[in-house]
């Protein structure tokens, strides 16, 4: 069993080392502003279908959300233009190094949370919490049996706390 | 006086003190463990307040908020890792004392100073808040809209390192707050025919995603380091203060309490600024400035007094005008709203006894923080050693159970996950999530006052410059923006010079 776990660790280490080499220097203001511009434009396009208005009044249910989206659009454009001008003038712009390994790790954690959510439908809160807890301990490469016992006990305690003390009917 | 007595009567109930102590206990733990934050603690336990009354909820949350401030100093002193950002200044002198074998003395000083700062600010709150509330009652809808805009501007400006990004995040939060049924027209907005979105996105659900689950995703970036604290040394140490030590800390404590209160009243400034500013003042006034950074009790007393003196002061703009001074307080504003208390100028008129109960309660929060600290410090010191790999899955379990408990719906957990991803992406691109939080908290109030003002003026925008209070707040917004832009330009110039 120990050999099997060690071989898994070795495989993960090798894959991690390969992924760690893949790095990107992302111009965060440019990418971030484009993201918000896209969100604002899509939402503005959806406004007529998502906010129906039957009045001729100037001030309607659309006024405030549209104003907010326009602010997002305006300031994102300013942010984008600022960095584009800096690039043209060959000045430094704000960049951030994004490592593929970190993003893959984040995706794995997110995937575990999604699995937790899906399991809630079928096996209920306590059992899916136990499965999730064990997966997370595996992710953190924890090999201590006591930690697994603590996590399982915590899942049961949280379940009981919500169900019997706070009277929440958990799935 | 009547309100004071009614408030006291509301406060002096066993459950209030039980929840207060529970909050304090949790607050110290979350403050002490590096990687866990006070905001995270408040968000995780916010669903628990659903079944509680307004005073009980607030005592619980205030317990977390105040004790978190003190808890941060424990890890700063013992392992040179501040549990909270504002304990960074405490670390400068706390850790050298630990190296000299005087950690218990440093912890004791931090506790005494935190309690003093907290009680001082609670008394200031008790005397000043009703006066500010009287002024706030003169405000109408346009004035109140500008107050909200002022709160949003200042937080957007100071919570990140870029004002434009702060404004984008704030406006994004305000937009999200409009999802669901529009209270004024009864129509739906951005619900995509999904019945679960009819009542909008509950604040707790978005907060769990933005501040708790996103932190779990961020664990992919951080190296998990186990910390061990030798608590046996704490038992052996003689932590009694000498007369000279007692005398030396009096002046910095009083001065830092005043500094903390002044900084705390200004929204968006925060405890970090107060503790570093006080530390600097204490050093310049000290008879032994050379000891600062090498284990000065004066240094610890100044930082800890100041960062806890902020706690009561931030409640002044919150309770009187509905302006939250920082992220934690913004969540507490949400807790007020959950209990049907609409923040704003009328809070003291409509719920005077509750407000007084909260303000008097803050004094007791600090007294019990002292008692818990005195009895449990050695135990709290052990808590720092709890490994992150054990805490992370437990946090997620709490988040899922908490999100589900709001409407007994799995859909809410999905929404929480979406918010976690949004927060993660935003942090990658350097956007702070605090302005989003403020937008979500203040969204309904801001929109309501904005639309009512424009309806009153037949769509004319000059209503926002129609009164002296409006003009005063507009001027404040402009001055704030100019100051923020100025400081950011200076910072970027400095960076440029350093790079060259």
query: Only one of these conditions is not met by residue B:131: (1) surrounded by fewer than 24 Cβ atoms within 10 Å (Cβ to Cβ); (2) within 11 Å of another protein chain (Cβ to nearest Cβ). Which number is it?
result: (2)
field: Residues that are more than 13 Å from residue A:75 (Cα to Cα), surrounded by 15 or more Cβ atoms within 10 Å (Cβ to Cβ) and facing chain B (nearest Cβ under 9 Å), drawn from the stretch A:40-53
entry: A:43, A:47, A:50, A:51, A:53
message: Out of B:118, B:151, I need the residue that is within 30 Å of residue B:463 (Cα to Cα) and either in contact (Cβ under 8 Å) with a residue 40 or more places away in the chain or surrounded by 24 or more Cβ atoms within 10 Å (Cβ to Cβ) (or both). Which one?
response: B:151
- line: Within the stretch B:360-400, the count of residues that are more than 26 Å from residue B:119 (Cα to Cα), free of Cβ contacts under 8 Å to residues at least 40 places away in the same chain and either crowded, with 24+ Cβ neighbours inside 10 Å or away from chain A (no Cβ under 14 Å) (or both) comes to 3
- prompt: When the stretch A:93-125 is examined, which residues are found to be touching a residue at least 24 places away in the same chain (Cβ under 8 Å) and more than 14 Å from residue B:429 (Cβ to Cβ)?
  reply: A:99, A:100, A:101, A:104, A:108, A:109, A:112, A:120, A:121, A:124, A:125
task: Mind counting the residues in the stretch B:183-207 that are at the interface with another protein chain (Cβ under 9 Å from one of its Cβ atoms), free of Cβ contacts under 8 Å to residues at least 60 places away in the same chain and touching a helix residue (DSSP H, G or I) at 6+ places or on another chain (Cβ under 9 Å)?
output: 5
- prompt: Looking only at the stretch B:274-303, which residues are without any contact (Cβ under 8 Å) to a residue 60 or more places away in the chain, assigned to a loop (DSSP other than H, G, I, E, B) and over 15 Å from residue B:254 (Cβ atoms)?
  reply: B:287, B:288
field: Options A:39, A:34, A:8: the member that is within 18 Å of residue B:436 (Cβ to Cβ) and without any contact (Cβ under 8 Å) to a residue 60 or more places away in the chain
entry: A:39
- prompt: Somewhere in the stretch A:80-89, is a residue within 22 Å of residue B:170 (Cα to Cα) and without any contact (Cβ under 8 Å) to a residue 40 or more places away in the chain?
  reply: yes
- prompt: What number of residues in the stretch B:208-223 are in contact with a helix residue (DSSP H, G or I) (Cβ under 9 Å, 6 or more places away or on another chain) and free of Cβ contacts under 8 Å to residues at least 40 places away in the same chain?
  reply: 2
- prompt: Has the stretch A:14-27 got at least one residue that is at the interface with another protein chain (Cβ under 9 Å from one of its Cβ atoms) and touching a residue at least 24 places away in the same chain (Cβ under 8 Å)?
  reply: yes
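Every residue, every condition in (1) in contact with a helix residue (DSSP H, G or I) (Cβ under 9 Å, 6 or more places away or on another chain); (2) in contact (Cβ under 8 Å) with a residue 24 or more places away in the chain; (3) at the interface with chain A (Cβ under 9 Å from one of its Cβ atoms), yes or no:
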site: B:411; (1), (2), (3): yes, yes, no
site: B:417; (1), (2), (3): yes, yes, yes
site: B:420; (1), (2), (3): yes, yes, yes
site: B:423; (1), (2), (3): yes, yes, no
site: B:428; (1), (2), (3): yes, no, yes
site: B:434; (1), (2), (3): yes, yes, no
site: B:440; (1), (2), (3): yes, yes, no
site: B:447; (1), (2), (3): yes, yes, yes
site: B:454; (1), (2), (3): yes, no, yes
query: Can you tell me which of B:48, B:4, B:60 is buried (at least 20 other Cβ atoms within 10 Å of the Cβ), part of a helix (DSSP H, G or I) and modelled with pLDDT of 85 or more?
result: B:60
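The values are calculated or read from the model by the stated rules, or taken from the named source; none is laboratory data. All values derive from a computational prediction rather than experimental measurement. Here Cβ is always computed from backbone atoms with ideal geometry, including for glycine, and neighbour counts include all displayed protein chains.
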